[in-house]
Amino acid sequence: MAVEEKVLLEVNNLKKYFPVKAGVFRKTVGYVKAVDDISFYIKEGETLGLVGESGCGKSTTGATILRLEEATAGEVKFEGKDILSLNRRELREMRKEMQIIFQDPYASLNPRMTVADIVGEPLDIHNLARNKKERNEKVRELLGSVGLTAEQMNRYPHEFSGGQRQRIGIARALAVEPKLIIADEPVSALDVSIQAQVINILQDLQEEFGLTYLFIAHDLSVVKHISDRVAVMYLGKIVEMTDKRDLYNNPLHPYTQSLLSAIPIPDPTFKKERIILEGDVPSPVNPPAGCRFHPRCPKAMDICSQKEPEFKDYGNGHYAACHLLD
């Protein structure tokens, strides 16, 4: 895969398989191929959107990059250093550079901790504050950067709305001054009006601190606002990846075309063709042979069920994996 200069994160042939166990002796009878041989890169200061239906492996990709899940195979390079080969001490040091914002702002905050303790905990773990006064000062600054006030420091998570809780989660991720933030569906649990506020905060913080994002979502209209490039994932594979303008104006893969056709348009006079996919997403335990999308693809040919399409560049960094394009 062609990679330009100043690449912050490079993922090569990443796989994450979960064993399926059965019987009295819990024997492994198969594997859930959650992430199956994917490669991509993210440049410094860029946002890569990772989109696809629920269960396609997006969140597992994020967790495996951070080693919250151990990879089955592949390579994850952060600033040229392979994360998957680090020992525990080296990984802990690297964690300062990479943080995650979780999907559910209700489940990801400890209900027994105050906001000051939640946001201050990473400062304690990595010894980034010399004393309590300096720690509280940093917490105040972090809360201010996400639109919360110092008066809210001593409150508990249940006293906040979903949008405010997600802001606390963002402040916690920022505490160690990371270079990369993996945002795992950070707005999917929020009301639409609040989603826009949180996305605006993320964009402002990116500009202010020079952050790099892997933005995971299932909603292509949300991804359009924040991403520079977009990777579309289906059943453990990336099927298309390109600049966001190219993706929205000229989608090459039939799966991307169907996802884009589902985005509602506010103009009632504008009629667009809706592509309805047949059937359900196949099981990742036993994915289809050839192209994984072929059982649901309206344009499938004989070769699609026999041979896996190559993920290649069709011009200007527009990657896709589809036999129709050859």
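The values are calculated or read from the model by the stated rules, or taken from the named source; none is laboratory data. Everything quoted here is computed from the prediction, not taken from an experiment. Neighbour counts are summed over all protein chains in view; Cβ atoms, including those assigned to glycine, are modelled from backbone coordinates with ideal geometry.
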V187 being assigned to a loop (DSSP other than H, G, I, E, B) and in contact (Cβ under 8 Å) with a residue 24 or more places away in the chain: yes
Some residue of the range 33-47 being over 17 Å from the mean Cα position of the chain (by Cα) and closer than 27 Å to P254 by Cα: yes
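To keep it simple, each residue is scored yes or no on (1) in contact with a Phe, Trp or Tyr (Cβ under 9 Å, 6 or more places away or on another chain); (2) hydrophobic (A, V, I, L, M, F, W, C).
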site: K6; (1), (2): no, no
site: K15; (1), (2): no, no
site: K27; (1), (2): no, no
site: A34; (1), (2): yes, yes
site: L48; (1), (2): yes, yes
site: G52; (1), (2): yes, no
site: S59; (1), (2): no, no
site: A71; (1), (2): no, yes
site: G80; (1), (2): no, no
Which numbered condition E208 misses (of (1) surrounded by fewer than 17 Cβ atoms within 10 Å (Cβ to Cβ); (2) not in a helix (DSSP H, G or I)): (2)
Qualifying residue in the range 171-184 (condition: within 22 Å of A129 (Cβ to Cβ), of a type in the set (G, A, S) and touching a strand residue (DSSP E or B) at 6+ places or on another chain (Cβ under 7 Å)): yes
Given (1) surrounded by fewer than 16 Cβ atoms within 10 Å (Cβ to Cβ); (2) in contact with a Lys or Arg (Cβ under 6 Å, 6 or more places away or on another chain), index of the condition D124 fails: (2)
Condition broken by K21, with the remaining ones in (1) assigned to a strand (DSSP E or B); (2) surrounded by fewer than 20 Cβ atoms within 10 Å (Cβ to Cβ); (3) touching a Leu at 6+ places or on another chain (Cβ under 9 Å) satisfied: (3)
Residue count, the range 92-148 (criterion: part of a strand (DSSP E or B) and among the hydrophobic types (A, V, I, L, M, F, W, C)): 3
The range 115-152: number of residues that are of a type in the set (D, E) and under 17 Å from I101 (Cβ atoms): 1
Any hit, the range 135-144, residues being within 19 Å of L214 (Cβ to Cβ) and in contact with a Leu (Cβ under 7 Å, 6 or more places away or on another chain): no
Hits in the range 147-184 (condition: surrounded by fewer than 21 Cβ atoms within 10 Å (Cβ to Cβ) and among the acidic types (D, E)): E151, E159, E177
Among the candidates V20, V11, V29, residue that is touching a strand residue (DSSP E or B) at 6+ places or on another chain (Cβ under 7 Å), closer than 28 Å to F209 by Cβ and of a type in the set (A, V, I, L, M, F, W, C): V11
Test: residue in the range 233-253 that is touching a helix residue (DSSP H, G or I) at 6+ places or on another chain (Cβ under 9 Å), in a loop (DSSP other than H, G, I, E, B) and either surrounded by fewer than 23 Cβ atoms within 10 Å (Cβ to Cβ) or hydroxyl-bearing (S, T, Y) (or both): yes
Which listed residue, of L277, L259, is part of a loop (DSSP other than H, G, I, E, B) and either surrounded by fewer than 24 Cβ atoms within 10 Å (Cβ to Cβ) or at pLDDT below 90 (or both): L277
Tabulated pairs, the range 125-146, first within 16 Å of L205 (Cβ to Cβ), second aromatic (F, W, Y), C-beta under 9 angstrom, 6+ apart or interchain: S145/F209
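Yes/no matrix, rows are residues, columns are (1) within 26 Å of the chain's Cα centre (by Cα); (2) of a type outside the set (V, I, T); (3) over 30 Å from K6 (Cα atoms):
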residue	(1), (2), (3)
E93	yes, yes, no
L109	yes, yes, yes
I125	yes, no, no
A150	no, yes, yes
Y156	no, yes, yes
G169	yes, yes, no
A173	yes, yes, no
I182	yes, no, no
Every residue from the range 39-91 that is in a helix (DSSP H, G or I) and of a type in the set (A, V, I, L, M): A63, I65, I83, L84, L91
